[in-house]
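Asker: Here it is, the structure in full.
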Amino acid sequence: MDLSNARAIVTGGASGLGAATAELFRQRGAQVTVLDRDEAGQAAANAIGAHFARTDVTDEASVAAAIALAVERMGGIDICVNCAGVATAGKTLGREGPLALDSFRRVIEINLIGSFNVLRLAAAEMAKNGREENGVIVNTASVAAFDGQAGQAAYAASKAAIAGMNLPIARDLARNNIRICAIAPGIFGTPMLRGLPQEVQDSLAAEVTNPKRLGDPAEYARLAAFIVENGYMNGETIRIDGALRMR
């Protein structure tokens, strides 16, 4: 798919990986609608000449309204990139007892169910395009899907499920000429991570095999663009982590 005449929605586009992806897609000529629950998404969208729709990815009506707005403004949807997510940590059995079920449920609800909620409604619009290639979906998994650390039971479960649903969704959407892949980032320099003390950032970077640094959100964005533009990429989860293997 050619980004220069594509129409994309990007969840979590107010900051981090989503913002970098929205910016790169706009630079490549795509129309973009940023979906985010944070009103800062409006400023982020304005800065790159994109549209904005305030969206709670876990709410069906909210996503449906955002999709309808994106279609109205752009004339349709060709690309869906899901970057909205949370990374709440908590041990299964901590000093204060078992992990709160609501805490586990919230991570699954946002990271997994939220991604599926958006992609299923975006796919319904893509299927209307009536082309040889109707659309591309890019989800965000994580190295935690494979190397989850202590305190990451909920996060790792949500990201492993993102990877796990790739192939069945690719098979489901084959007749609609829609592809899907997932990106599994390692430790990236997102605003959340950049807010940590420098010594903590340096310690995390030292764990990366090569290069020994945090990932740049722009590198995630370039991989998302590659998936969109390479028509034979489908059903895969691609690690982008500097060969990091979490201990």
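We did not get these values from a lab; they are worked out from the coordinates using the rules stated. Source: prediction; values computed, not measured. Here the Cβ is made from the backbone with ideal geometry for all residues, glycine too, and neighbour counts use every protein chain on show.
Asker: Restrict the check to segment 189-202 and report whether at least one residue is among the aliphatic types (A, V, I, L, M) and in contact with a strand residue (DSSP E or B) (Cβ under 8 Å, 6 or more places away or on another chain).
Answerer: So far as segment 189-202 goes, no, none of its residues is among the aliphatic types (A, V, I, L, M) and in contact with a strand residue (DSSP E or B) (Cβ under 8 Å, 6 or more places away or on another chain).
Asker: State all residues of segment 129-160 that are of a type in the set (A, V, I, L, M, F, W, C) and under 28 Å from V71 (Cβ atoms); if no residue qualifies, say none.
Answerer: Scanning segment 129-160 gives V136, I137, V138, A141.
Asker: Right, here's the next one. Of the numbered conditions (1) buried (at least 17 other Cβ atoms within 10 Å of the Cβ); (2) under 18 Å from V138 (Cβ atoms); (3) touching a helix residue (DSSP H, G or I) at 6+ places or on another chain (Cβ under 6 Å), M74 fails exactly one; give the number of that condition.
Answerer: It is condition (3) that M74 fails.
Asker: Something else: Of the residues A89, A84, which single one is surrounded by fewer than 17 Cβ atoms within 10 Å (Cβ to Cβ), outside any helix (DSSP H, G or I) and touching a residue at least 40 places away in the same chain (Cβ under 8 Å)?
Answerer: A89
Asker: Please determine, by comparing only the residues of segment 159-171 that are touching a residue at least 60 places away in the same chain (Cβ under 8 Å) and not aliphatic (A, V, I, L, M), which one is farthest from A224 (Cα to Cα).
Answerer: Residue satisfying both the conditions and the ranking: R171.
Asker: May I pose another question? Please enumerate the residues belonging to segment 118-134 that are surrounded by 22 or more Cβ atoms within 10 Å (Cβ to Cβ) and touching a residue at least 60 places away in the same chain (Cβ under 8 Å).
Answerer: V118, L119, A122 - these are the residues of segment 118-134 that are surrounded by 22 or more Cβ atoms within 10 Å (Cβ to Cβ) and touching a residue at least 60 places away in the same chain (Cβ under 8 Å).
Asker: Which residues, counting only those in segment 1-26, are among the polar types (S, T, N, Q) and outside any loop (DSSP other than H, G, I, E, B)?
Answerer: S4, N5, T11, T21 - these are the residues of segment 1-26 that are among the polar types (S, T, N, Q) and outside any loop (DSSP other than H, G, I, E, B).
Asker: Let me ask something additional. It is to be established whether one or more residues within segment 217-229 are outside any helix (DSSP H, G or I) and out of contact with any Ser or Thr (no Cβ under 6 Å at 6 or more places or on another chain).
Answerer: No, segment 217-229 contains no residue that is outside any helix (DSSP H, G or I) and out of contact with any Ser or Thr (no Cβ under 6 Å at 6 or more places or on another chain).
Asker: For segment 27-69, how many residues meet the condition of being in a loop (DSSP other than H, G, I, E, B) and under 22 Å from R222 (Cα atoms)?
Answerer: 5
Asker: Every residue in segment 171-216 that is of a type in the set (D, E) and either part of a strand (DSSP E or B) or within 21 Å of T140 (Cβ to Cβ) (or both), please.
Answerer: Listed by number, the residues that qualify are D172, E207, D216.
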